[in-house]
Amino acid sequence: MPRPGFLPAARPGPNRRRTVRGAAWATAWAVAVVLCALSAWSYADTRGDAALGQAKARDAVLTAGQRGIARLNTVDPAHLDRDLAAWLATTTGPLHDQMVRTHAADAASLRASGTTTRGVVTDAAVTELDTRAGTAKVIATVQVTVTPGSGTAGPDRKRFEADLARDGGDWKLTALTAVPLGAS
């Protein structure tokens, strides 16, 4: 028997539980819809952003510069024709013209030496980029493993500055200059 002035706790009925559960789901869905709308608006806002286009161009220049510098520091006499063709494919402008002129002499010299080199870019940065003119500069440090025709492999560390130009849709090297390690 209940005490006077005290009522037993009422249990929520099935309709009340459904109402609370329905409100919670409706709130969750509303939050999800708002978050999706904000994400879509943010994406649409940055998609045409000039800074994003500049960043994409910078990344493309950096990748092409690293790949080109590594390529021009890599040669295997066993695959000389392939490697020299890759040198030509990664260059344009004055550097390309020079390589075309010296192709036969370079091939003979590399074949005679029997030296294999493998360049790996360890660090690089874009120092200049003009997307309208289609020009850029990249600096890089390269670890070159040199294996003489008769001898053991030895590492050599080098620094380069490369000029690049847009050639069609690709960035290619137009100049490659060694930077002395003591220079700043």
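The values are calculated or read from the model by the stated rules, or taken from the named source; none is laboratory data. Every value quoted in this text rests on a predicted model; they were computed, and no experiment measured them. Note that each Cβ is placed from the backbone with ideal geometry, even for glycine, and that neighbours are counted across all protein chains shown.
What the table below lists for this structure:
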{"item": "Tally of residues being among the hydroxyl-bearing types (S, T, Y) and within 24 Å of T131 (Cβ to Cβ) across the stretch 57-89", "result": "1"}
{"item": "Residue selected from the stretch 149-168 under the condition small (G, A, S) and assigned to a strand (DSSP E or B), by the criterion nearest to T116 (Cα to Cα)", "result": "G154"}
{"item": "Members of the stretch 141-174 that are over 15 Å from D130 (Cα atoms), of a type in the set (G, A, S) and in contact with a Gly (Cβ under 8 Å, 6 or more places away or on another chain)", "result": "G149, S150"}
{"item": "Of all residues making up the stretch 117-146, the number that are outside any strand (DSSP E or B), small (G, A, S) and either in contact with a helix residue (DSSP H, G or I) (Cβ under 6 Å, 6 or more places away or on another chain) or in contact (Cβ under 8 Å) with a residue 12 or more places away in the chain (or both)", "result": "1"}
{"item": "Selection count where residues are in a loop (DSSP other than H, G, I, E, B) and among the basic types (K, R), scope the stretch 82-110", "result": "0"}
{"item": "Top-ranked residue of the stretch 169-183 - restricted to ones that are part of a strand (DSSP E or B) and not aliphatic (A, V, I, L, M), ranked as nearest to T90 (Cα to Cα)", "result": "K172"}
{"item": "Those residues of the stretch 81-132 which are at pLDDT below 95, of a type in the set (S, T, N, Q) and within 25 Å of A57 (Cα to Cα), in sequence order", "result": "T131"}
{"item": "Residue list for the stretch 65-117, filter: closer than 24 Å to G168 by Cα, surrounded by fewer than 15 Cβ atoms within 10 Å (Cβ to Cβ) and polar (S, T, N, Q)", "result": "Q98"}
